Amino acid sequence: MNKLPSITLSFWIMKICATTLGETAGDLLSMTMNVGYAYSSAILLSCFLATLFVQLSTKYFHPIIYWAVILSTSIAGTTMSDYMDRTLGFGYATGSVILISLLTLTLIIWKLTEKSLSVININTLRGEVFYWTAILFSNTLGTAFGDFLADNSGLGFSGGAFLISILLVLTILAYYFSKISHVILFWLAFVLTRPFGATLGDLLTKTPEKGGLNLGTVGSSLILFTILVVLVSISTIKINREKIRISK
């Protein structure tokens, strides 16, 4: 019944790639294609629910399906955060506080009902729904927090990226050298990799004058999508080989 991947280095590489693609693809839809934050959020939330339905309907872990849901939460999280912070006028700080509260509430209810917050072994439909709800809030929070650091904190683009990198390093150190719950550290890293991916997305899309590579939202999205497809394909091949080995 377990339908979740192992938390390895390759997991985090794919997570960063997916969240970076989520940033560039979300901006492509809402801004480059001028669809707007509200309509983009509605469209992408529908895509999230569609991929989630497929994920919940499966009985085993399928990398393509799993990462399709991760990607849909990342893209939807980008437009949802922008809609809250810009269209509704909450601002990045207030938006971040709201999303932190929603994520915390989700984890508390999950713990009280399922008696576990495992992120590598979930065997109930209810637990899986909690997991994906927390994922959606985490990716949306990551976008709002990253925007807050870049625009409102006074740190700027480079300062925010540096702070996020430091926080990620501290999280890794805490994982190996502290007694802090690995579940807490997982969700902290999950949130932090979102603005880290957004920073990488800015690097790819911004003009050279702003310190970027000027690939644009279309070019960056295509490159990141190709990389993610390759990594997911490798993961799928490994799992299929393992199934064949076990069956023998």
Practice task
Scan the stretch 228-243 and report the pairs whose first residue is loosely packed, with under 12 Cβ neighbours inside 10 Å and modelled with pLDDT under 90 and whose second residue is outside any helix (DSSP H, G or I) and among the β-branched types (Val, Ile, Thr), with Cβ atoms within less than 6 Å and a gap of 6+ or a chain change.
Solution key: none
Problem - Residue satisfying all of: in the stretch 62-97; out of contact with any helix residue (DSSP H, G or I) (no Cβ under 7 Å at 6 or more places or on another chain) and hydrophobic (A, V, I, L, M, F, W, C); farthest from residue 236 (Cα to Cα) among these - result: 88
Practice task
Pairs only if they're at least six apart or on different chains, beta carbon under 9 angstrom, first in the stretch 98-116 and not in a helix (DSSP H, G or I), second not aliphatic (A, V, I, L, M); list them, first residue then second.
Solution key: 116/110; 116/127
Exercise for the section: Would you confirm whether any residue within the stretch 197-220 is assigned to a helix (DSSP H, G or I), surrounded by fewer than 17 Cβ atoms within 10 Å (Cβ to Cβ) and under 20 Å from the mean Cα position of the chain (by Cα)? Expected result: yes
Practice task
List every residue pair whose Cβ atoms lie under 9 Å apart, where the two residues are 6 or more positions apart in sequence or sit on different chains, the first residue falls within the stretch 144-173 and is charged (D, E, K, R), and the second residue, located anywhere, is modelled with pLDDT of 75 or more and in a helix (DSSP H, G or I).
Solution key: 147/81; 147/82; 147/85; 147/92; 147/95; 147/96; 147/195; 151/92
Problem - Options 184, 108, 164: the member that is more than 27 Å from residue 57 (Cβ to Cβ), modelled with pLDDT of 90 or more and not hydroxyl-bearing (Ser, Thr, Tyr) - result: 108
Problem - Every residue from the stretch 108-126 that is of a type in the set (A, V, I, L, M, F, W, C) and in contact with a helix residue (DSSP H, G or I) (Cβ under 8 Å, 6 or more places away or on another chain) - result: 109, 110, 117, 119, 122, 125
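The values are calculated or read from the model by the stated rules, or taken from the named source; none is laboratory data. What you see is a predicted model, and the numbers here were worked out from it, not measured in a lab. Don't worry about glycine lacking a Cβ; one is built from the backbone with ideal geometry, like all the others, and counts go over all protein chains shown.
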